[in-house]
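Chemist: This structure is in structure tokens; I'll ask about it shortly.
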Amino acid sequence: MMKLSLGPILWFWSKQTVFDFYGKAAEWPVDTFYLGEAVCSRRRELKPDDWFGLARDLKACGKEVVLSTQTLIESEADLRRLRRICDQNEFMVEANDQSAMQVAIRNGIPFVTGPSMNIYNVATLKVLAKQGLKGWNLPVELGRETLDELIKGLQEEGLDLPAEVFAWGFLPLAWSSRCFTARHYNLPKDNCEFRCLEHPDGMELRSRESQELFRLNGISTLSGSRYDLMRELPDMERMGVSTVRLSPEHLGMEGVVQRFDLVRRGQVPEQDPLTLVEAPPCNGYWYGRPGMELVLR
Amino acid sequence: MELVCPAGSLPALKTAVDNGADAVYFGFRDSTNARQFAGLNFNDKRAAEGIGYAHTRGRRVFCAINTYPQPDGWERWKSAVDRAAGLGVDAIILADMGLLDYAANKYPHIPRHLSVQGSATSYEALSFYKDNFDIRRAVLPRVLSLDQVRGVAKHSPVELEVFAFGSLCIMAEGRCYLSSYLTDESPNTRGACSPAKAVRWEETAQGLESRLNDVLIDRYGEGESAGYPTLCKGRFEVEGNVYHAIEEPVSLNTMDLLPELKSLGISAVKIEGRQRSPAYIADVAGTWRQALDHLDVTPDDFTVESSWRNTLSSLSEGGLTTLGAYHRKWK
């Protein structure tokens with residue numbers, strides 16, 4: 001049976017909200033938890049020790065825990081936080097850029113790559129496997145056909161590298177040194193007043209025809225529609241996908257997990273029972289189409 | 001510091017060389033490079049002619065193969081590396097780790113430059129590329145502030161090239177999938193951002209509208225000058241406000257920073273714009289040549305002449321330039 005994972009929380013939530021979220025999530029049928037701040041260096045509601053504590057608690061509940069690194073590394077302070085995450089031997093690390101891979105390799109700790117790591121071909125996977133790669137996420141802009149070829153290519157090479165697919169949530173699409181939330185409030189990034197806390201699911205960016213295009217979330221830009229590959233799970237299982245990733249949201253997440261859990265067990269829920277943050281669904285990338293599209297089968 | 005100029009065509013390559021480029025970079029006529037435009041770039045015959053022209057004049061030529069091959073394109077990308085090697089280029093500019101590995105093993109004698117699309121923003125990331133693929137040089141993404149460039153330069157295991165002038169990517173290059181979200185092409189997959197095939201212009205009662213795959217990117221009122229609908233430079237609505245929510249249409253110009261870049265030991269400054277005309281290349285290359293020569297003569301007393309500033313402004317998007325992320329306040 002495929003595993004279910006909860007990706008790192010991409011939004012900025014208060015410390016209590018984060019603790020409450022994982023307190024509940026520990027009871028859900030999730031196999032793997034990715035923990036840590038993957039977006040903005042200024043988001044420090046949880047200190048490294050808080051994350052390590054959470055990681056140990058979840059591990060004690062029988063969960064697999066992976067520590068996620070910041071996606072865009074810019075400063076010496078960013079590198080210090082990164083080294084802190086990689087200076088342990090209890091947990092695997094999700095490397096979200098080459099800096100993280102370098103530090104993980106140097107420290108000899110096993111790592112997996114997140115969906116922002118550009119893995120587009122088998123040759124890349126072969127290079128990384130030699131360096132200690134234990135699993136990888138399909139980049140969000142790639143679809144079913146490429147994934148199928150990658151998994152087959154790995155099998156031909158005799159490489160056992162489990163594949164994970166971002167299957168539900170707002171897609172992380174871009175990272176900038178500019179903070180778009182601060183820009184919206186006319187605040188300098190260095191003095192942003194942590195306005196992201198007021199937007200636990202980002203800020204909607206719409207066209208002037210009210211089309212939902214993107215979600216602004218600090219320095220990151222996410223899709224305006226919610227990626228949903230629930231109906232593709234049987235296909236993924238046939239292809240040999242190992243893990244299906246769900247991206248945390250602060251409302252209705254338990255229902256999402258339950259629904260995916262049913263589907264992976266072969267019991268398709270009759271309808272969408274969920275009340276979530278309002279957003280249209282999309283699945284275009286999976287079919288090699290523009291990401292925002294919804295392909296109906 | 002070396003002046004590295006873009007060549008989208010043979011006339012542009014010759015113009016760049018004639019106007020003072022120390023090196024030029026080009027791509028093949030397909031999606032193996034990050035500036036795939038109809039009618040642009042080189043076949044092997046043209047590339048050989050261009051390389052000959054530059055080498056005769058003592059200049060270098062780099063070949064950009066800086067998109068990310070998927071399994072069905074692997075052979076084509078690999079063959080692009082073989083072609084570049086056969087043509088005798090002075091360096092290959094690469095981003096994909098698999099392709100870097102291929103080039104490093106098959107052509108260890110041809111220097112490898114890490115493309116900006118390789119997204120290396122720290123010296124640890126640069127060390128990763130150095131240790132694994134023995135890169136000689138890396139092009140830094142346009143997201144770092146000058147202070148951050150200083151930090152990277154201090155510990156960098158490889159030569160550094162930074163962007164000097166041209167279009168400003170506001171997102172970390174190589175990790176921006178906005179274009180493939182709205183269209184089916186991105187810089188990584190096809191070497192295209194906001195591709196022309198998806199662009200539509202329409203005169204409407206509300207004004208001139210630019211669309212990308214039907215998505216309204218911008219609408220221009222009377223007297224407003226319209227620009228190419230690069231999706232991150234449109235006007236959008238966030239919480240009831242309509243504005244350039246991501247970035248204004250401006251160009252990057254770092255000429256004011258030249259003395260500092262030199263003192264940091266930066267090896268080369270790069271001009272963006274293989275999609276630009278030979279006339280544009282002539283003006284930009286010529287202006288930067290003068291500035292770099294001036295910097296060599298008077299490193300402690302460098303000032304940007306107003307004629308240079310005016311030339312570069314007139315060639316910029318919306319007539320505006322910015323220091324971009326180099327200037328921390330921009331963020």
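The values are calculated or read from the model by the stated rules, or taken from the named source; none is laboratory data. Please read all numbers here as calculations on a predicted model, not as lab measurements. All Cβ positions, even for glycine, are placed from backbone atoms using ideal geometry, and neighbour counts span all protein chains on display.
Chemist: Please find, within region B:302-331, the residue that is farthest from the other protein chains (Cβ to nearest Cβ) out of those that are over 19 Å from B:PRO249 (Cα atoms) and in contact with a helix residue (DSSP H, G or I) (Cβ under 9 Å, 6 or more places away or on another chain).
Modeler: Restricting to residues being over 19 Å from B:PRO249 (Cα atoms) and in contact with a helix residue (DSSP H, G or I) (Cβ under 9 Å, 6 or more places away or on another chain), the top hit is B:SER307.
Chemist: While we're looking at this one, here's another question. Taking A:LEU54 as the residue in question, decide whether it is in a helix (DSSP H, G or I), farther than 30 Å from A:ARG264 by Cβ and under 18 Å from the mean Cα position of the chain (by Cα).
Modeler: no
Chemist: Would you point out the residue of region B:57-72, among those that are more than 8 Å from chain A (Cβ to nearest Cβ) and more than 20 Å from the chain's Cα centre (by Cα), that is surrounded by the fewest Cβ atoms within 10 Å (Cβ to Cβ)?
Modeler: Ranking the candidates gives B:GLY58 first.
Chemist: For region B:160-174, does any single residue satisfy the condition of being assigned to a loop (DSSP other than H, G, I, E, B), under 23 Å from B:LEU292 (Cβ atoms), within 8 Å of chain A (Cβ to nearest Cβ) and within 22 Å of the chain's Cα centre (by Cα)?
Modeler: no
Chemist: Out of the residues in region A:112-156 meeting the condition of being assigned to a strand (DSSP E or B) and of a type in the set (S, T, N, Q), tell me which one is farthest from the other protein chains (Cβ to nearest Cβ).
Modeler: A:ASN137
Chemist: For residues in region B:123-147 being without any contact (Cβ under 8 Å) to a residue 12 or more places away in the chain and of a type outside the set (Asp, Glu), which is farthest from A:GLN98 (Cα to Cα)?
Modeler: Looking at residues that are without any contact (Cβ under 8 Å) to a residue 12 or more places away in the chain and of a type outside the set (Asp, Glu), I get B:PHE128.
Matching residues to (1) surrounded by fewer than 24 Cβ atoms within 10 Å (Cβ to Cβ); (2) over 24 Å from A:LYS15 (Cα atoms); (3) within 12 Å of chain B (Cβ to nearest Cβ):
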| position | (1), (2), (3) |
| --- | --- |
| A:ASN186 | yes, yes, yes |
| A:GLU193 | yes, no, no |
| A:HIS199 | yes, no, yes |
| A:ARG206 | yes, yes, yes |
| A:LEU213 | no, yes, yes |
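Chemist: Pull up region B:94-116, narrow it to residues that are of a type in the set (A, V, I, L, M, F, W, C) and farther than 21 Å from A:LYS126 by Cα, then point me to the one that is surrounded by the fewest Cβ atoms within 10 Å (Cβ to Cβ).
Modeler: Per the criteria, the residue is B:ILE110.
Chemist: Using the structure shown, decide if A:GLU37 is out of contact with any helix residue (DSSP H, G or I) (no Cβ under 7 Å at 6 or more places or on another chain), farther than 30 Å from B:ARG142 by Cβ and either of a type in the set (Ser, Thr, Tyr) or assigned to a loop (DSSP other than H, G, I, E, B) (or both).
Modeler: Judged against the criteria, A:GLU37 is not a match.
Chemist: For region B:175-196, which positions are within 12 Å of chain A (Cβ to nearest Cβ) and either part of a strand (DSSP E or B) or out of contact with any strand residue (DSSP E or B) (no Cβ under 9 Å at 6 or more places or on another chain) (or both)?
Modeler: Within region B:175-196, B:ASP184, B:GLU185, B:SER186, B:PRO187, B:ASN188, B:THR189, B:ARG190, B:CYS193 meet the criteria.
Chemist: Oh, and also: Considering only residues that are more than 10 Å from every other protein chain (Cβ to nearest Cβ) and in a helix (DSSP H, G or I), which ones fall in region B:124-148?
Modeler: B:LEU146, the sole residue that qualifies.
Residue-wise test of (1) more than 8 Å from chain A (Cβ to nearest Cβ); (2) more than 22 Å from the chain's Cα centre (by Cα); (3) among the β-branched types (Val, Ile, Thr).
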position: B:GLU203; (1), (2), (3): yes, yes, no
position: B:GLY240; (1), (2), (3): yes, yes, no
position: B:ALA245; (1), (2), (3): no, yes, no
position: B:ASN253; (1), (2), (3): yes, no, no
position: B:LEU257; (1), (2), (3): yes, no, no
position: B:GLU260; (1), (2), (3): yes, no, no
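Chemist: Among the residues of region B:134-142, is there at least one that is modelled with pLDDT under 95, farther than 22 Å from B:VAL61 by Cα and crowded, with 24+ Cβ neighbours inside 10 Å?
Modeler: For region B:134-142, residues modelled with pLDDT under 95, farther than 22 Å from B:VAL61 by Cα and crowded, with 24+ Cβ neighbours inside 10 Å: present.
Chemist: Within region B:255-290, can you find the residues that are within 18 Å of B:VAL17 (Cβ to Cβ), in contact with a helix residue (DSSP H, G or I) (Cβ under 6 Å, 6 or more places away or on another chain) and part of a helix (DSSP H, G or I)?
Modeler: B:PRO278, B:ILE281, B:ALA282, B:ASP283, B:ALA285, B:THR287 - these are the residues of region B:255-290 that are within 18 Å of B:VAL17 (Cβ to Cβ), in contact with a helix residue (DSSP H, G or I) (Cβ under 6 Å, 6 or more places away or on another chain) and part of a helix (DSSP H, G or I).
Chemist: Can you confirm whether A:VAL244 is more than 14 Å from chain B (Cβ to nearest Cβ), under 16 Å from the mean Cα position of the chain (by Cα) and part of a helix (DSSP H, G or I)?
Modeler: no
Chemist: Taking region B:115-136 only, how many residues are within 19 Å of B:PHE165 (Cα to Cα) and of a type outside the set (S, T, N, Q)?
Modeler: The qualifying residues number 1.
Chemist: Looking only at region A:49-105, which residues are among the charged types (D, E, K, R) and away from chain B (no Cβ under 14 Å)?
Modeler: A:ASP49, A:ASP50, A:ARG56, A:ASP57, A:LYS59, A:LYS63, A:GLU64, A:GLU90, A:GLU94
Chemist: Further question on the same structure: Output the qualifying pairs, or none if there are none: Cβ atoms under 9 angstrom, residues six or more apart or on different chains, first residue in region A:237-252 and in contact (Cβ under 8 Å) with a residue 60 or more places away in the chain, second residue surrounded by 20 or more Cβ atoms within 10 Å (Cβ to Cβ) and of a type in the set (S, T, N, Q).
Modeler: A:THR243/A:SER5; A:THR243/A:THR32; A:THR243/A:ASN137; A:VAL244/A:SER5; A:ARG245/A:SER5; A:ARG245/A:THR32; A:ARG245/A:ASN137; A:LEU246/A:SER5
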